[in-house]
1. Mind checking whether some residue in the stretch 86-106 is part of a loop (DSSP other than H, G, I, E, B) and more than 30 Å from W241 (Cβ to Cβ)?
2. I'd like the residue in the stretch 229-247 that is over 17 Å from L108 (Cβ atoms), charged (D, E, K, R) and assigned to a helix (DSSP H, G or I) and, out of all such residues, is most open to solvent (accessible area, probe 1.4 Å).
3. Residues I136, I106: which one is open to solvent by 70 Å² or more (accessible area, probe 1.4 Å) and either of a type outside the set (S, T, Y) or on the phi < 0 side of the Ramachandran plot (or both)?
4. If W226 passes every condition in (1) open to solvent by 40 Å² or more (accessible area, probe 1.4 Å); (2) modelled with pLDDT under 85 but one, which one does it miss?
5. I'd like to verify a number: residues in the stretch 11-54 that are open to solvent by less than 60 Å² (accessible area, probe 1.4 Å), more than 16 Å from V84 (Cβ to Cβ), in a helix (DSSP H, G or I) and without any contact (Cβ under 8 Å) to a residue 60 or more places away in the chain, how many?
6. Of (1) more than 23 Å from G36 (Cβ to Cβ); (2) of a type outside the set (D, E); (3) open to solvent by 80 Å² or more (accessible area, probe 1.4 Å), T127 satisfies all except one. Which?
7. Would you check which residues across the stretch 59-103 are open to solvent by 50 Å² or more (accessible area, probe 1.4 Å) and over 30 Å from the mean Cα position of the chain (by Cα) and list them?
8. Is it true that I250 is assigned to a helix (DSSP H, G or I), open to solvent by 50 Å² or more (accessible area, probe 1.4 Å) and over 16 Å from P116 (Cα atoms)?
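The values are calculated or read from the model by the stated rules, or taken from the named source; none is laboratory data. The structure presented is a predicted model; accordingly, all values stated were derived computationally and were not measured. Virtual Cβ from ideal backbone geometry, glycine too; neighbours counted across all protein chains shown. Note: areas computed on protein heavy atoms with side chains; ligands, DNA, RNA excluded. Shrake-Rupley method; radii C 1.70, N 1.55, O 1.52, S 1.80 Å.
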Amino acid sequence: MKTASFYEETTQLVAQIQAENSLYFNELWDYFNLAGFYYNERILHETIYNMACDFVEAEKDGATAEEYFGKAPKEMADQIIAEVPRESIQFFIKTSLLVAGIVTIIRLLQDFASQPVMVLRPLVFLTDILLNLLMIPLIFKMMARYLYEKGNHKQFVSTSLLFGAYAGLEMFAVRFLPRWGFMILPLPWDSLLVGALFIGLLAFQGRNRLMRPFLIVFIGFLCVGWLQRWNDASGMQDGFWKIILPIGIILVANILFHFYSYRLFKTEKKKENTK
């Protein structure tokens, strides 16, 4: 059975569990997903699926989740995860390339939309990639650590320090690194670059419906970027065209993104429930 199938089957099993036991099991499931970031995803999902199967039967005999799994679910999960093999080097390379691609596209879109002449800053792109590759596992680890420690003030302090450090390093990269290396990409090459990225995203989303909402945001940034270039070419100084309209386009794109994402999520949930 594939990883996605284990997930779907587990979701259906959890739906059969009583509410109080479902809360316990969902937290345990979340902990497996967070703490098992570096471990084989398929084996983890299979393990959770088998645990759900066993508990559904145990609940029929009157057992509660706490009685069946114990009062220390975190420690139990850690012992199970320790027996799971880590992901392969190929997985980490693919994940790193995916993160690098997403981060680079976001930075390119921001640069295209924020200035009339696009400036490629390789050192800033590299800093973005390295920071996000470092941040993602740290976020997963922190979320797993505090999942069973709700209300702990250390969680707020750790989160603030982590994101504060990230924001500080990002500001340093944007402020200082461009001085050490950059490349100006004038019209029409900047439009050709983001256009090629858009076509690539269109081809990719054809295989993944969940990527479709991101097209809305992409189009929003494209429109703002082209508006910036039209304003610059025409010498437009009106605040509506230079400030209000670009902000409005980004806001509308974000609203549509969240609306479409919600509808897509509801559609996927209905499909799961009718299986």
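1. As a first pass, look at the stretch 86-106 and keep what is part of a loop (DSSP other than H, G, I, E, B): 87-88.
This time we only want the ones that are more than 30 Å from W241 (Cβ to Cβ), so: 87-88.
Among the residues of the stretch 86-106, at least one is part of a loop (DSSP other than H, G, I, E, B) and more than 30 Å from W241 (Cβ to Cβ), which makes the answer yes.
2. D232
3. Numbers: I136 fails: open to solvent by 70 Å² or more (accessible area, probe 1.4 Å).
Only one candidate qualifies: I106.
4. Unmet for W226, out of (1) open to solvent by 40 Å² or more (accessible area, probe 1.4 Å); (2) modelled with pLDDT under 85: (2).
5. 9
6. Going through the list (1) more than 23 Å from G36 (Cβ to Cβ); (2) of a type outside the set (D, E); (3) open to solvent by 80 Å² or more (accessible area, probe 1.4 Å), T127 breaks only (3).
7. The answer is K60, D61, G62, T64, E66, E67, Y68, K71.
8. Working: assigned to a helix (DSSP H, G or I): yes; open to solvent by 50 Å² or more (accessible area, probe 1.4 Å): no; over 16 Å from P116 (Cα atoms): yes.
Judged against the criteria, I250 is not a match.
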